[in-house]
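Note sheet for the following structure.
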Amino acid sequence: MQRRGFLAGSLALGLAACAGEPARPARPPRAKATPGVVDEPALAGLNAVIDLHHANGVKSFTAARDGSGVLAVIHKASEGDWQDPRYEERRAGAMDAGLLWGAYHFGTRQHPGRAQAQMFLAAARPDPATLLVLDLELNERAPGNTMQIDAAEDFVREIAATTGRLPLLYCHPAWADGDTLPSAKGSASLGGAVMPGTALAACDLWLADYRYEPELPRAWDGRGWRLWQYAGDDARTGGPFRDRSREVRGIERCDRSVFAGNRDELYRWWGSVGRVGA
């Protein structure tokens, strides 16, 4: 996924309100995503999911499976109206290795949410076993082109209407809670918090948090995360477990996630996640 500088370390120093912004009522603290401090991410779940985009080097998915216990790959399919040129090649390789396959869309602002959903489906060409993901985060390269909450809601509704499935939502807790975050070109936000009862909150959560002890966005209090991306492929901002991004056999570097469950539960969830009415 696109590198997120604010994922590294504590966010406490970076979440101060912009000068002149009206004071907001105090909100209760976010819930801890896992009980206690997690010294090893594997203790929080099954350490078997990686995500990739075209810039990640891939030599062998079979080596990743046999040498590092990788069971699932989530690959970038699209960003706005752009399609990842390595998606189809990587999909074939992962499927040949017997790995679970997922596709993600990096949300932007230049197209409506429903249009982006259709662009994503055209790029991902999902079958019923393909995990669908909306990557909802700050666009650090172009903050003005960051997907906003209304477009994200429309994206999710369109995916559900077209496929009968809700996508998995990838998000950082502060971003989902509507906090203003610093960027290279000032500050930005999602444009509001994800609220309980909305289409976004109905999605299962892929939590992006590179700290030792992750936190939940408030809309998922009491529900928890399904995936926790605990390490990034950037040596500078990839978090305290970033060295693990280069420990996957056959893969040059990659983001890494744990699943909240065991192997059998991962396979059952992957095939049924987001089914409307299930």
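Cβ-Cβ contacts under 6 Å between residues 6 or more apart (or on different chains), taken from a first residue in the range 163-186 that is within 30 Å of D127 (Cα to Cα) to a second residue that is open to solvent by 30 Å² or more (accessible area, probe 1.4 Å) and of a type outside the set (D, E, K, R), are listed as G164/V276; L166/A202.
Yes or no: the range 126-134 includes at least one residue that is without any contact (Cβ under 8 Å) to a residue 40 or more places away in the chain and aliphatic (A, V, I, L, M).
The answer is no, given that none of the residues of the range 126-134 is without any contact (Cβ under 8 Å) to a residue 40 or more places away in the chain and aliphatic (A, V, I, L, M).
Between A235, A161, A142, the distinction of being out of contact with any Gly (no Cβ under 8 Å at 6 or more places or on another chain), hydrophobic (A, V, I, L, M, F, W, C) and modelled with pLDDT of 95 or more belongs to A161 only. Taking the range 79-108 as the range and being open to solvent by 60 Å² or more (accessible area, probe 1.4 Å) and either hydroxyl-bearing (S, T, Y) or over 17 Å from I159 (Cα atoms) (or both) as the test, the residues that pass are W82, Q83, P85, R86, E88, E89, M95, D96.
Each row is one residue, and each column tells you yes or no for (1) open to solvent by less than 10 Å² (accessible area, probe 1.4 Å); (2) closer than 22 Å to W269 by Cα; (3) part of a loop (DSSP other than H, G, I, E, B).
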residue: A151; (1), (2), (3): no, no, no
residue: D154; (1), (2), (3): no, no, no
residue: A174; (1), (2), (3): yes, no, no
residue: S187; (1), (2), (3): no, no, no
residue: L200; (1), (2), (3): yes, yes, no
residue: Y210; (1), (2), (3): yes, no, yes
residue: W225; (1), (2), (3): no, yes, yes
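Taken over the range 239-250, residues that are at pLDDT below 95 and open to solvent by less than 100 Å² (accessible area, probe 1.4 Å) amount to 7. Residues of the range 87-110 being at pLDDT 95 or above, over 19 Å from the mean Cα position of the chain (by Cα) and under 25 Å from N139 (Cβ atoms), which ones? Scanning the range 87-110 gives a single hit, E88. In this structure, I159 does satisfy being crowded, with 17+ Cβ neighbours inside 10 Å, part of a helix (DSSP H, G or I) and touching a strand residue (DSSP E or B) at 6+ places or on another chain (Cβ under 7 Å).
The values are calculated or read from the model by the stated rules, or taken from the named source; none is laboratory data. Note that the coordinates shown come from a computational prediction; the quantities given were computed from them, not determined experimentally. All Cβ positions, even for glycine, are placed from backbone atoms using ideal geometry, and neighbour counts span all protein chains on display. Note: accessible area is taken over every heavy atom of the protein model, side chains too, but ligands, DNA and RNA are not part of it. Shrake-Rupley method; radii C 1.70, N 1.55, O 1.52, S 1.80 Å.
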